[in-house]
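Rule-based calculations on the coordinates, nothing more; no lab input. Quick caveat: nothing in here was measured; it's all calculated off a predicted structure. For neighbour counting, all protein chains shown are included, and Cβ atoms are generated from backbone atoms with ideal geometry for every residue, glycine included.
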Amino acid sequence: MVEEPDLDLSRRLALALDVDDLVAAVRMARMLKGHFGVVKIGLELYSAAGPEAIGAIGDLGYEVFVDLKLHDIPTTVAGASRVIGSLGVSYLTMHAAGGLDMLRAGVDGLRTGAGNAGLSEPAGLAVTVLTSQSDPSGGTLGRWVELAAAAGCTGVVCAARDQAEVDRHGPGLARVVAGIRLPGDPADDQKRAASPGEALAGGADLIVVGRSVTRAADPLAAADRLHRAILGADDNPTHRRD
Ligand code: C5P
């Protein structure tokens, strides 16, 4: 049976709602309220529903994490960030690979957009080496983390196993960890997946969980299992639909 979710834990869990239909997204977000404090709107849902998705998810009481992984010239990133900053979101991602000026432009855009709308400033997050890529080499991760810190980003998105290095290069940065799998679930396209417990034990401020819950045969039971896995009380495999 589904137990009472732990609300302190929920605040550190972001649900990646990677679907192409806002009605389906809202239905799932409503069902999983309590298990997650944050909903991540990624490229798929944003392509399908745009800013309307931000409003609909925010209206359910979630913090909204817009994962557009912006990567363009600084002027373009500043413009897009200004718009997103005015919509009442809590997080926006941009690629560290875009460089210092681009990251700065993104952070400034978020601040301007939020300020113009009378909202508090969203966290600008720099995406480092994707969890779908193999282990970084040649100092890429460290360089990108330093860029994120220098640009004024609030944090970075990284793999669970990258957290110690992130901490060495950017000790004040928040860590958002993606590529999370419940034990027994397929890794799919994630090459550097980790369990939720590993990610949080490594110091993650926020973990992003998608398919382990959204593609489960019973997403509510999977979300419950996620909580139990973190709290050390898991005993049940999740059955995926795909
Ligand atoms: O848990 P699952 O693998 O389904 O979640 C993947 C989600 O996290 C996707 O929305 C993907 O874009 C995002 N993401 C990621 N790796 C990163 C940054 C974001 O998988 N480094």
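General observations
- Among 120, 134, 81: highest mean-square fluctuation, GNM of the chain, C-alpha pairs under 10 Å: 134
- Rg and Dmax of the chain, based on Cα coordinates, read 17.1, 51 Å.
- Inter-part distance, region 204-221 to region 83-113, computed on C-alpha centroids, equals 26 Å.
- Residue order, fewest to most beta carbons within 10 Å, for 54, 207, 180: 54, 207, 180
- Cross-link partners of residue 33 among aspartates and glutamates (Cα-Cα below 17 Å; sequence separation of 8 or more within a chain): 3, 4, 6, 8, 18, 59, 63, 218, 224
- Using the Cβ-Cβ distance between residue 43 and residue 76 with R0 = 22 Å, the FRET efficiency computed as 1/(1 + (r/R0)^6) comes to roughly 0.85.
- Database remark: amide H of residue 95 closer than 5 angstrom to the amide H of 70, 71, 127 (H placed geometrically; neighbours at sequence offset of 5 or more, or on other chains; Pro and chain starts carry no H).
- Subtracting the Cα-Cα distance of residue 167 and residue 140 from their residue separation scaled by 0.36 nm leaves 8.3 nm.
- Viscosity 0.890 mPa s, temperature 25 °C, Stokes-Einstein D of region 27-100 from Kirkwood C-alpha radius, µm²/s: 190
- Take every pair of alpha-carbon atoms less than 8 Å apart whose residues are at least six positions apart; their mean separation over the length of the chain yields a relative contact order of 17 percent.
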